[in-house]
Amino acid sequence: MLRIITILALAHLLVALPAHAQLRISDGDTLTLNRERIRLACIDAPESDQPYGPQSAARLRDLLGTGSIRVQPLATDRYGRSIAKLYIGETLVQEALVREGLAWVYPQFLHRCPTTATRLQNAQQTAQQHRLGLWADPHPIPPWVWRSGPPRRR
C-alpha cells in the first residue's frame, strides 16, 4: 500500500530541487530522488564502465540542476524502481539524453512511451546522423549487449 501511495505521490511531483533534496545518480538512466528509485522509461544509457557511461550520468546530473523536475510514473520494474518519464520544465529528459548521443532508445520497452516514441526515435536518428556522443564510435555497443558480457571493444 505504501508503494502505491509513493507512486501516486510521484505522479504529481513537480519540484525545484531544494538544497535538502536527496539526489543520487546511479548512471545515465537511473537515479534516486528522496529515496525513490527512478528508472528513466524507454531509453537505456551506457553502463558506468562503458564508453560514454560517465558522460551520460554527468549530463543527467546537469539536466536535473536546471529547473523544476516532474516525474510521470508509468510502471514499477522487477527491482522495485519506478519506471517514469522525467521532465525538467517542458524538456523530456530522455529525449535530451538520446538527442545528445548519451543514451539509446530502448526498443524492448518503447511500448511504454507511445506518446513520445516517435520523438525519441527522431532524436536518436539526429544523434546518429551528426555522430554525437556514443555515435562517434562506428560500432557503439548498446548497453543491453554490453551487460550480456564479452566480447567488448573499447
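The values are calculated or read from the model by the stated rules, or taken from the named source; none is laboratory data. Model, not experiment: these values are computed from the prediction. Counting neighbours? That spans all protein chains shown, and the Cβs are built from the backbone with ideal geometry, glycine included. Note: areas computed on protein heavy atoms with side chains; ligands, DNA, RNA excluded. Shrake-Rupley method; radii C 1.70, N 1.55, O 1.52, S 1.80 Å.
Couple of notes before you dig in:
- For segment 33-70, a tally of residues being more than 12 Å from the chain's Cα centre (by Cα), over 17 Å from Gly133 (Cβ atoms) and not charged (D, E, K, R) returns 7.
- If you check Gln94, Gln125 for being more than 15 Å from Asp29 (Cα to Cα) and modelled with pLDDT of 95 or more, only one passes: Gln125.
- When Leu97, Leu102, Leu120, Leu110 are screened for being in contact with a Leu (Cβ under 9 Å, 6 or more places away or on another chain), under 16 Å from Ala45 (Cβ atoms), open to solvent by less than 30 Å² (accessible area, probe 1.4 Å) and in a loop (DSSP other than H, G, I, E, B), only Leu102 passes.
- Of residues in segment 49-78 being in a loop (DSSP other than H, G, I, E, B) and surrounded by fewer than 14 Cβ atoms within 10 Å (Cβ to Cβ), the one modelled with the lowest pLDDT: Thr66
- Filter result for the condition that a residue is in contact with a Lys or Arg (Cβ under 9 Å, 6 or more places away or on another chain), at pLDDT below 95 and small (Gly, Ala, Ser), over Gly101, Gly89: Gly89
- The residue of segment 22-48 that is most open to solvent (accessible area, probe 1.4 Å), among those that are within 17 Å of Val105 (Cβ to Cβ) and assigned to a loop (DSSP other than H, G, I, E, B), is Glu47.
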